[in-house]
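In what follows, a single structure is set out as C-alpha cells and then discussed.
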Amino acid sequence: MADQPLVLGIETSCDETGVGIVRGETLLADALASSVDEHARFGGVVPEVASRAHLEAMVPTMRRALSDAGVTLRDVDAIAVTAGPGLTGALLVGVAAAKSYALALGKPLYGVNHLAAHVAVDRLEHGPLPQRCIALLVSGGHSSLFVVEDAGRTVTPLGGTVDDAAGEAYDKVARVLGLPFPGGPPIDRAAGDGDPAAIPFPRGKANDGTLDFSFAGLKTAVARWVEGRERVGEPVPVADVAASFQEAVVDVLTRKAVAACRQQGVDDLVLGGGVAANSRLRALAEERCAAAGIRLRVPRPRLCTDNGAMVASLGVELVAHGVTPSDLDLPADSALDLDVVSV
Ligand code: KG4
Ligand code: ZN
C-alpha cells in the first residue's frame with residue numbers, strides 16, 4: 001500500500017471547494033465546503049460569489065483534508081487540480097492554490113479534466129476501471145457519452161447535449177415547480193410520491209439514431225404544462241410533474257447509454273456527475289443494464305457530485321502510469337475539450 005502514489009486533489013470548478021487525498025484506490029480524505037446556500041436565492045450559481053467562496057474556503061478545506069487523512073503536505077507525491085471545464089474565476093482559485101502548493105513543496109502538478117475525474121472517482125468504490133468502458137457523464141454543465149480507455153487516461157467523446165445539460169434541466173424545472181436550487185435532489189424526492197406515467201412529456205432525440213441528447217424541449221414542455229394549469233386556476237400536481245419529467249430524462253439517458261455500449265461492443269458502463277446521484281436514474285440504469293448484459297458501475301451519491309477525491313483519484317492514475325506532469329504556467333480552461341484528460 002505504501003508504495004502506491006499519495007495524491008492530493010483540488011476541485012473548484014463550480015460551487016464546491018473540494019480537497020481529496022487518495023493513496024492508490026483508497027480514499028483517505030474528502031473535505032468539502034459548499035457555497036450552494038449563497039446561490040440558492042439567485043436560482044443558479046453566481047460565478048463571482050463562487051470564486052470568492054473558494055478563496056475563503058481553500059486553506060481551511062486543505063487543513064481539514066490533511067487532518068482527516070492523517071498525513072502532512074510533505075507526504076504527498078503529487079498534486080492534481082481541476083484545470084477545466086468550469087467557471088473561469090472559480091477554476092483560477094484552485095489552479096493558483098495547486099501551483100503554490102506544488103512549487104512550495106517541490107511536487108509534480110497535474111492539471112486535469114473535471115469530466116474525466118467524475119469517471120475516475122469510481123476506482124475508489126469499485127476498484128480499477130475496466131480496460132475499455134462507456135461513461136455517461138451527467139452534471140449541471142454536461143450530458144455526455146464517451147469511450148474511456150486505459151483506466152481513464154484516454155477519453156473519446158461519442159455524443160453530448162445539443163442544448164441544456166440534464167442537471168440544468170432539473171434546476172430549471174425545479175424553479176418552475178417552486179422547488180429550491182439545486183433542483184436535482186428536491187425533484188428526486190418529490191418524484192418519489194408521483195406517477196411517472198401521469199404526463200407524457202417529450203423524449204427529445206430518443207430515436208434519432210445518434211448518441212446526442214436534447215433537454216430544452218422537455219424543459220419548455222414542462223413549463224407550458226404548468227402554466228396551462230395555473231391559467232385555469234387548477235393546482236399543480238408537483239409530485240406527478242416531477243416524476244413524469246424525471247422519467248423522460250432518465251429514459252433517454254439510459255436508452256442512449258445502452259445503445260452506446262452496443263454500438264462500441266463494450267460490456268461495462270460507468271455513470272458519473274451530479275445527476276448520477278439520482279435514485280431513478282440509478283434504478284433504471286440497473287434494470288436496463290441487467291437486461292442488456294452490461295455491467296454497471298455507479299459511485300455512491302456523495303462521490304457523484306463535485307468533490308476533491310475524484311481529482312485525486314484521476315491524479316493517482318496519471319502518476320502511476322508516468323504521465324508527464326503539467327507545466328507551472330498551466331492555464332485554467334473554462335471550455336477544456338472532453339478528450340484532454342491532463343493538460
Ligand atoms: O457534477 P455536479 O455536482 O456539478 C457539475 O459539474 O455541474 O452536478 C450538479 C448537478 C446539478 O444540476 C444538480 O441539480 C444535479 O447535479 N443533481 C441531481 C441530483 N443531485 C444533484 N440531479 C438529479 N437527481 C439528484 N439526486
Ligand atoms: Zn461536476
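The values are calculated or read from the model by the stated rules, or taken from the named source; none is laboratory data. Being a predicted model, the structure only gives us computed values, none of them experimental. Backbone-built Cβ (ideal geometry, glycine too); neighbour counts: all protein chains shown. For accessibility, only protein heavy atoms count, side chains too; no ligands or nucleic acids. Shrake-Rupley method; radii C 1.70, N 1.55, O 1.52, S 1.80 Å.
Note that the stretch 196-343 shows a convex hull volume over its alpha carbon atoms of 160 Å³ per residue. Accessible area per residue for the chain, computed on protein heavy atoms with a 1.4 Å probe, is 39 Å².
Measuring max minus min along each principal axis, the C-alpha atoms of the stretch 1-111 give extents of 47, 23, 20 Å (largest first). Summarising the strand pairing of the chain, around 60 percent of its internal DSSP beta bridges are antiparallel. Give me the log10 of I(q) over I(0) for the stretch 295-343 at q = 0.27, 0.30, 0.32 Å⁻¹, as the Debye formula computes it from C-alpha points; what are the numbers? Taking Cα atoms of the stretch 295-343 as identical point scatterers yields -1.20, -1.20, -1.20. Within straight-line reach of LYS172, meaning a Cα separation under 30 Å, sit the following lysines at least 8 residues removed in sequence or on another chain: LYS205, LYS219, LYS256.
Electrostatic bookkeeping for LEU338 treats Lys and Arg as +1 and Asp and Glu as -1; over the other residues with beta carbon under 15 Å from its beta carbon, the sum is -4. With the convex hull of its Cα atoms as the shape, the stretch 255-311 has an orientation-averaged projected area of 4.0 nm².
Within the chain, all pairs of alpha-carbon atoms sorted by distance into 20 Å bins from zero give the percentages 33, 56, 11, 0. Full extension of the chain between VAL323 and ARG224 yields a length gain of 30.6 nm, computed as 0.36 nm times the residue separation minus the alpha carbon distance. For the stretch 131-300, with all protein chains in place and a probe radius of 1.4 Å, 49% of the accessible heavy-atom surface sits on carbon or sulfur.
Surface composition of the stretch 1-105: carbon and sulfur make up 54 percent of the accessible area, probe 1.4 Å. Positive-end ranking of GLY315, ALA166, GLY152 along the dipole of the chain, with charges on Cβ about the Cα centre, is headed by ALA166.
The Cα-based radius of gyration of the stretch 137-184, divided by its Kirkwood radius, gives an Rg/Rh of 1.16.
Two decimals is fine: what's Rg over Rh for the stretch 193-266, C-alpha atoms, Kirkwood radius as Rh? A ratio of 1.09. According to the Cα-based calculation, Rg over Rh for the stretch 127-238 is 1.07, with Rh computed by the Kirkwood formula.
Placing +1 on the Cβ of every Lys and Arg and -1 on the Cβ of every Asp and Glu, with nothing else charged, gives the chain a dipole about its Cα centre of roughly 280 debye. Averaging the sequence gap over all C-alpha pairs within less than 8 Å and six or more residues apart, then dividing by the number of residues, gives the stretch 131-300 a relative contact order of 27 percent.
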